Every structure is written in C-alpha cells, then in structure tokens.
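Take a look at the structure set out below.
The values are calculated or read from the model by the stated rules, or taken from the named source; none is laboratory data. All of these numbers come straight from a predicted model, not from anything done at the bench. Every residue, glycine as well, gets a Cβ built from its backbone with ideal geometry; the counts of neighbours run over all protein chains shown.
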Amino acid sequence: MKTAVFPGSFNPFTIGHKDIADRALRIFDRLVIGVGYNVMKQDNASADKRVAAIAALYAGNDKVKVESYSGLTVEFARRHGARYIVRGLREVKDFEYERNLADTNSVISDIETVFLVARPELGFISSSMVRELIANGYDADRFLPK
Ligand code: ADP
C-alpha cells in the first residue's frame, strides 16, 4: 500500500492543485492532502474551511483524506505512514524552491519527494492570482474545481 501526502497552503485549492492530486491518485494507493499553515503567505480563509472545501471534492473517495497540519511535512507524512511527498512544478522558480525543500526533507528523513509537472494549460494558475482576482471583484470560478 503506497501512501503519499500532497502538502500545500491551498489558499484556495485551484484546478491546478486538483489536477496534481488526481494524477497522484493514479500512482499511489492513498493520498493525504495536507493543508499546511505557511507563515510566509497570507492566510485568508481558515485552514478548516479549506479542508472542508477540498474534502467535499473527494466525498465518497476513500483513497483520499484531507487534514490540516502545522509543523514539518515529513512528520505529517510519518503520522500517516506515507513515504512519499507529492509536489507540483510549474516553472523554474518552483523548481528552485522545491529542490530546497526536497533536499532538506531527504537529509532529515527517508521520505521521497515526487514531482509532477503542471499540465501546460494549468501551469499559469496560482492561488495568489485567484485571490487577487477575487479581491478585485472578478469571478475566479473558472480556476476553481466545481
Ligand atoms: P505552498 O504554500 O506549499 O507552496 P501551494 O498551495 O501554493 O502551497 O502549492 C502546493 C503545491 O501545488 C506546490 O507544489 C505547487 O508548486 C503546486 N501547484 C500550485 N499551483 C499549481 C498548478 N497550477 N499546477 C501544478 N501544480 C501547482
């Protein structure tokens, strides 16, 4: 049984995130989506609301679990018996940041980070862009899962 965690701020969870989660589900038996509190980012919606919104998308799918967490992702993964962390890569900027995290996690644990490259048509979507649209009165529904 291969379990992976997909950690993120998911503020909000976009169709780009959903695509990564759905593709990870074709690789792993179980996926734990971890809504982390990232002190570097704005925390507009509470983590609990984000958890509920993501859980609703996967209602009835017992391969998916959604939880919030704080602290190290590798500890969150261990608590769930997961040996893999899934992250999405959009561009070089993501890679530089992600490599740092993956390197650190590989030094402090034996948990493997698996990268899925964003689909070309979804790679420009970011939570901050969606928040910016909403804050300025634009409808951002096309970037959010139904
Ligand atoms: P974090 O604050 O941990 O970076 P995010 O919610 O911004 O969390 O992103 C979570 C993961 O999803 C990251 O690996 C990020 O690169 C990836 N991601 C974000 N948007 C997209 C997208 N449109 N397509 C593919 N991956 C994405």
Worksheet item: Of the numbered conditions (1) more than 9 Å from the ligand (Cβ to nearest atom); (2) not in a strand (DSSP E or B), D94 satisfies every one except a single condition; which is it?
Response: (1)
Worksheet, complete the sentence: Sole miss for T113 among (1) at pLDDT 95 or above; (2) part of a helix (DSSP H, G or I); (3) within 13 Å of the ligand (Cβ to nearest atom); (4) of a type outside the set (G, A, S) is condition (2)
Discussion item. Pairs please, first residue from region 1-27 and of a type in the set (K, R), second anywhere and outside any helix (DSSP H, G or I), Cβ atoms under 6 Å, 6+ apart in sequence or on different chains.
Written reply: K2/F28; K2/D29; K18/P145; R23/L116
Discussion item. Consider region 1-20. How many of its residues are touching a Gly at 6+ places or on another chain (Cβ under 9 Å) and of a type in the set (A, V, I, L, M, F, W, C)?
Written reply: 5
Item to complete: Go through region 31-54 and give me each residue that's farther than 15 Å from G71 by Cβ, among the small types (G, A, S) and at pLDDT below 90.
Response: A45, S46
Item to complete: Sort through A140, A102 and tell me the only one that's farther than 17 Å from F10 by Cβ, free of Cβ contacts under 8 Å to residues at least 24 places away in the same chain and surrounded by 16 or more Cβ atoms within 10 Å (Cβ to Cβ).
Response: A102
Practice prompt. Given the conditions (1) over 25 Å from V51 (Cβ atoms); (2) assigned to a loop (DSSP other than H, G, I, E, B), report the number of the one that N100 does not fulfil.
Written response: (2)
